[in-house]
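Enquirer: Handing you this structure, nothing more for now.
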Amino acid sequence: MPSFCRHNRFANNCPICSREQAEKAAPRQTGVRSSGGHVTRNPRTTSRTTRSRSTNDLRVRRIARAGADGYGSQLVPGIRATADAERLAEELGFASGRLASLAVAPTGLYAEVASLGAAGDYEEATWLAFLIAYVGPLDGEDPWAGISAARTSWASGELPDLTDVPLGPRTSHAKARGTTTIEAYRAWIVRSGTQQRAFEGEPSWTPARRFQRVFERLALKGFSRDARYDLLVTLGRLGLYELSGPSLYVGGDDETTVAAKRVFGIGDTLLLERRAADLAEAAELPIEVLDVGLWNWARPPARPLVPGGRATLGAPASEPDADAYTRAASALGL
């Protein structure tokens with residue numbers, strides 16, 4: 001798997017790092033270097049803290065990539081294969097259709113969130129939207145099974161028991177944390193007074209400013225970037241609050257950020273945001289579409305007994321929106 005050097009380039013394409021490597025006649029290594037650029041150290045030198053680290057905190061990400069065939073696009077300089085570009089166009093098409101369905105004809109628990117909001121019950125509606133983003137819809141025939149099993153009402157003050165609850169592929173929950181993140185969310189709301197006040201913020205805020213400020217304030221321990229972003233997009237599309245994502249807000253080691261680095265061929269956050277905005281503009285798609293689009297693009301292909309492939313994330317359809325796919329494919333030169 002390609003890795004990024006300290007100059008935010010692919011390590012094997014960086015002229016500076018290549019020159020430095022060539023000047024080292026006999027590079028000294030303290031371990032065995034893997035193809036991904038990580039050093040495997042002698043187990044005897046590994047610290048006790050590392051040996052005792054819980055496997056629940058370890059995530060291995062493998063992005064399936066097609067062989068290079070001469071494909072190239074200034075919009076996605078990290079993609080070198082037509083098949084990968086084609087799959088990206090498909091995932092952007094799917095993500096666009098999913099957002100459209102949330103705004104026009106939500107289904108399942110999304111429809112219940114919209115119904116509660118329309119009835120003026122912002123507290124229960126927002127709480128349910130939070131649980132959807134945090135636990136995550138499942139793949140399969142009943143995407144809401146896990147969330148429904150754990151669901152509690154906001155008014156009861158009862159914390160959901162997620163001990164044996166199935167989690168969605170994009171869940172933010174880790175069993176080792178228990179209810180820590182949920183408790184942190186409720187504590188944040190207590191400081192604001194109500195969920196409605198917490199998410200509305202200042203009356204003078206624009207939808208983009210509101211999205212930015214609330215996204216920052218939702219940076220609670222255990223509440224991932226992906227879950228925060230999806231929650232705000234969902235609340236905005238369902239019409240509960242005036243929210244509009246002005247940026248992709250990549251950064252860190254979440255799956256969407258890792259995928260963005262692969263697609264855009266750079267590790268610098270500012271350049272990632274700029275290239276993401278350029279792709280969204282060229283494809284005539286909201287920047288919010290790239291969130292699920294990139295995340296699904298990075299998922300490994302589905303295999304027997306191995307989860308993978310496109311996650312529908314509660315969407316009623318599993319196929320790309322035809323118009324959105326056409327625009328994305330055209331922008332990518334396909």
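Each value in this text was obtained by applying a stated rule to the coordinates, not by laboratory testing. Note that this is a predicted model, so its numbers are computed, not measured. Virtual Cβ from ideal backbone geometry, glycine too; neighbours counted across all protein chains shown.
Enquirer: Going by C-beta contacts inside 10 Å, put GLU242, GLU202 in order with the fewest on the left.
Expert: Ascending Cβ contact count within 10 Å gives the list GLU202, GLU242.
Enquirer: Using 0.36 nm times the number of residues separating SER156 and THR179, minus their current alpha carbon distance, what extension gain do you get?
Expert: Working it through step by step, the gained length comes to 6.7 nm.
Enquirer: Right, another one. Assuming 0.36 nm per residue, please report the length gained on full extension of the stretch ARG213 to ASP69 beyond their Cα-Cα distance.
Expert: The ARG213-ASP69 span can extend by a further 47.6 nm.
Enquirer: Continuing with the same structure: List residues of the stretch 106-126, by number, whose backbone nitrogen lies under 17 Å from a label position 7 Å along Cα→C-beta of TRP188.
Expert: What the label zone holds, given the 17 Å backbone N cut-off, is 123-126.
Enquirer: Using only the Cα atoms, work out Rg/Rh for the stretch 82-331, with Rh taken as the Kirkwood radius, to two decimals.
Expert: Over the Cα atoms of the stretch 82-331, Rg/Rh equals 0.94.
Enquirer: Would you kindly state how much longer the chain becomes between SER204 and ALA145 on full extension, computed as 0.36 nm times their sequence separation minus their alpha carbon distance, in nm to one decimal?
Expert: 17.3 nm
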